[in-house]
Amino acid sequence: MTIKHMSSVKLISMINNLTVINLKATANVRPSNGEVFVLKTCQRTLILGSGQLPFYHLEDQNDIRDMYNGDLAYIFLLETICGLKSEVLAEYEVVGQFKEAYQEYINLPFRNTNTMTLLEKLFQDSKKIRTEHLTEIGQMSYAGIARKLVHTRSCESDVLVIGSGSLAVEVIKLLKKKHKVFLTARNSQKVSELCAEHSLEMIPWQSFDSYKRFDSIINTIGSEEILFDEDFFKQWSNSQPSTSLKSSPSNARDLKLFIDLGSPSVIKTNLTESAGVFRLEDIFRQSAKMNIEKMEKIRCAKESIVRLCENRRQSFSISHPFGWEELKLA
C-alpha cells in the first residue's frame, strides 16, 4: 500500500467510524463524561460515538431498536434532527432537543472535539434541508398542532402554558400573537425571564385554583410524577368558562381544552379527546391526518440528506487528516 493510499484511508475514517445506537425512550444509559454524546427525548434515546464506544454505555442490550454505522449513521442523525424520524413528521422541537444536549455535552470534561464538529455540521445541514424542503410543513409540529387545536376550540381564550423548556417556548411563540398567554413552571427564574421576553403573565407554580380558570391549558412537562389527577380534571371541567366565552354558556364545556405534550405523561384522568383532553398519542393521530400532503416534500428532503452526507464525507476528508480514533479529546 502506498503512502498516498494510506493517507486516503485515514482521511475517510471519521464518518466510517461513526456509530449511532437508537434506543427505546425509556432506556437507561451509563453516564458519559464526553466519551459519547447522548440524546434523550420523549421518542428515543440516542448514543453517538466512535467505533465500539457507544456499546460500553448501554445498560441493557434489549433496549436497542436499531444501530447505524458510517454513512448510514450520519444519514440517520440528519433525518432525525430534521424531524423525519419523529411521530409528527418534520416537527422541529427535536432541533431544540439536540441543541440543549449539545450545550450540556460541550461542558463535559472529556468532550470529543470531533463529536462537537460532527454535531455542528449536522445543525448546518439540517438548516439547509429545512430551508429548501420543509419550511411549509414544519409548522405541523407538536406546538403547531396544539395551536391548531386551540384555534379550533376558541380563537379568543386565554391560554396557560405549563413548562419552561424549548417546547414551551415554541408553543408560546405560536400562540402569543392571537392569545393572551400565561406561563407557569417549577423554575420561577426561567418563567420570569420568559414572561419578560414574550410579554406574558406568570402564574405561581402548582397554583391549581388559578389553573382551573383557564379554558385552554397546554402542558409541556414530562415527568414520572402525576401533576394533574382526576380531582383536578373534575373541578376544571366543571368550572365556569372565562369571560370571553360566557356569551355562549351552552358550548362552554365543548370549548374546554387540555393538551398534554409531556412524556412521560403527568396527567391521570379518564377524560379523553371527546372531553377536550388530548394526550401525546392524540397529537400523533392529528399529525397522521396531515402526513399525506407532506410525503413528496419529505421524499425530496431525504434525497438531499443522502447528497449532503456524501458532501460532508468529502469535506471531513479535507478538514481532518487523521481518523476519528486518532483525534485527541479536548
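The values are calculated or read from the model by the stated rules, or taken from the named source; none is laboratory data. If you're wondering where the values come from, they're calculated on a predicted model, not measured in any experiment. Every residue, glycine as well, gets a Cβ built from its backbone with ideal geometry; the counts of neighbours run over all protein chains shown.
Quick look at the numbers
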quantity: Residues located in segment 208-223, provided they are over 17 Å from I267 (Cβ atoms) and either at pLDDT 95 or above or surrounded by 13 or more Cβ atoms within 10 Å (Cβ to Cβ) (or both); calculated: S210, R213
quantity: Qualifying positions in segment 1-29 - assigned to a loop (DSSP other than H, G, I, E, B) and modelled with pLDDT of 50 or more; calculated: I12, N17, K24, A25, T26, A27, N28
quantity: Pick from segment 276-330, criterion at pLDDT below 75, outside any helix (DSSP H, G or I) and among the hydrophobic types (A, V, I, L, M, F, W, C), ranking: farthest from the chain's Cα centre (by Cα); calculated: F322
quantity: Test result for A25, out of contact with any His (no Cβ under 9 Å at 6 or more places or on another chain), surrounded by fewer than 19 Cβ atoms within 10 Å (Cβ to Cβ) and of a type in the set (A, V, I, L, M); calculated: yes
quantity: Qualifying positions in segment 69-96 - part of a loop (DSSP other than H, G, I, E, B) and either within 19 Å of I172 (Cα to Cα) or not polar (S, T, N, Q) (or both); calculated: C82, G83, L84, K85, E87, V88, L89, A90, E91, Y92
quantity: Among residues of segment 29-72, those that are surrounded by fewer than 17 Cβ atoms within 10 Å (Cβ to Cβ) and on the phi > 0 side of the Ramachandran plot, counted; calculated: 1
quantity: Residue match in segment 193-205 (condition: in contact with a helix residue (DSSP H, G or I) (Cβ under 7 Å, 6 or more places away or on another chain), over 26 Å from Y102 (Cα atoms), aliphatic (A, V, I, L, M) and touching a residue at least 40 places away in the same chain (Cβ under 8 Å)); calculated: yes
quantity: Helices (runs of 4 or more DSSP H) within segment 97-203 that include 3 or more residues under 30 Å from A73 (Cβ atoms); calculated: 113-129, 142-153, 166-175
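Yes or no, residue by residue, for (1) modelled with pLDDT of 95 or more; (2) of a type outside the set (F, W, Y); (3) in contact with a Lys or Arg (Cβ under 6 Å, 6 or more places away or on another chain):
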{"residue": "P31", "(1), (2), (3)": "no, yes, no"}
{"residue": "F37", "(1), (2), (3)": "yes, no, no"}
{"residue": "G51", "(1), (2), (3)": "no, yes, no"}
{"residue": "Y92", "(1), (2), (3)": "no, no, no"}
{"residue": "V95", "(1), (2), (3)": "no, yes, no"}
{"residue": "K99", "(1), (2), (3)": "no, yes, no"}
{"residue": "L108", "(1), (2), (3)": "yes, yes, no"}
